[in-house]
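The values are calculated or read from the model by the stated rules, or taken from the named source; none is laboratory data. Given the structure is predicted, the values throughout are model-derived calculations rather than measurements. When we count neighbours, we look across all protein chains shown, and the Cβ atoms used for this are built from the backbone with ideal geometry, even at glycine.
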Amino acid sequence: MKKINVAIVGASGYSGEELLRLLQRHEHCELKVITSRQYAGQPLEKAMPRFIGSDLSFSAPDIEQIIATCDVAFLALPHGLAAEYALPLAKSGVIVIDISADFRLKSPARYKEYYQADHPAPELLSTVVYGLPERYRAAIKNANIIACPGCYPTSAILPCAPLLATGLVSPQGIAVVSMSGVTGAGRKVDLPYLFPECNESLRAYKPFGHRHLPEIEQELAFAAGIDAVNINFIPHLVPVSRGINSTILLNAESGCTLERIAEVYHQAYDNDPFVRVLAPGSCSDTKYVTMTNFCDIGFNLDLHTGKVILTGAIDNLTKGASGQAIQDMNIRFGLPETSGLL
């Protein structure tokens, strides 16, 4: 089988590094272009010693070079920049898999509200497929631009969507409390993310207005089959490098039991290779998903309060970003979904 020629645009961030880690062992892929303005011209093994022995080198971003040599381009760029590459690449037949936030939201107005800028390419939004395989696998198979979900949204949507779709829980009064490792903030030098500031510390931040909030609300509304959902989303920073665990509180509807929740989950996910439904009454743990593409889902029912308590654990850099992007690529190119990920 002919190998897929791959570009990673913005390969020097944490998500880019994770793409490099996974794609270099992917038997169906060949890395052709890895870009970084910071490291342009440097060998990969010099800039990132974990890749000692690699013959790859960073180059400055060059759209024409990618078009000439690659079948697929992963865009690991800050929001606002990915759209500049997505349009010309997609028009030239290169499949675009965007890890940034540029194409996750279907509403340009919501994008402007949360990113304080006009959407850079609103004309593309109707053609973009949201890259959550467990929800949109069929559409991903034919997509030219795939928007990878955010890390927090992945950990919340996968536990919630099947229960909302079947009416076991109410779309009203949902609260998502998430904890993330420090790599979720990206590879940057900023006071709140320095080791002495993070170590031995746990704190909430952005208790309202977080940029992942509209993405979670959008997808939960789609799952529930209604126009809009309003939730509380409260993220926390914890002193670990990677991993996210979200605890989600929902109001149980009539007929909601642990047995029925388990039945719905197994119907939804038994054929999904990267979702693991835990035993009733269990809670997920990041220890068991770190450095993997799995999402572990735990569930409890509190009869005292009438609340369903869900937990979703992922690795924010793998299932929350680069691993999920590769899962999307596998689906798009007709490969086994687990290729390069197990």
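The table that follows gives values for the structure above.
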| item | result |
| --- | --- |
| Filter result for the condition that a residue is under 26 Å from the mean Cα position of the chain (by Cα) and over 16 Å from Val128 (Cβ atoms), over Pro88, Pro61 | Pro61 |
| Any hit, the stretch 173-185, residues being of a type in the set (A, V, I, L, M, F, W, C) and farther than 24 Å from Thr290 by Cβ | yes |
| Residue satisfying condition, being at pLDDT 95 or above, among the small types (Gly, Ala, Ser) and assigned to a helix (DSSP H, G or I), within set Ala68, Ala73 | Ala68 |
| Top-ranked residue in the stretch 12-60 [being within 19 Å of Asn293 (Cα to Cα) and among the small types (Gly, Ala, Ser); ranked as surrounded by the most Cβ atoms within 10 Å (Cβ to Cβ)] | Ser15 |
| Selected residue (only one of Leu89, Leu168, Leu77, Leu105 is in contact (Cβ under 8 Å) with a residue 60 or more places away in the chain and touching a Cys at 6+ places or on another chain (Cβ under 9 Å)) | Leu168 |
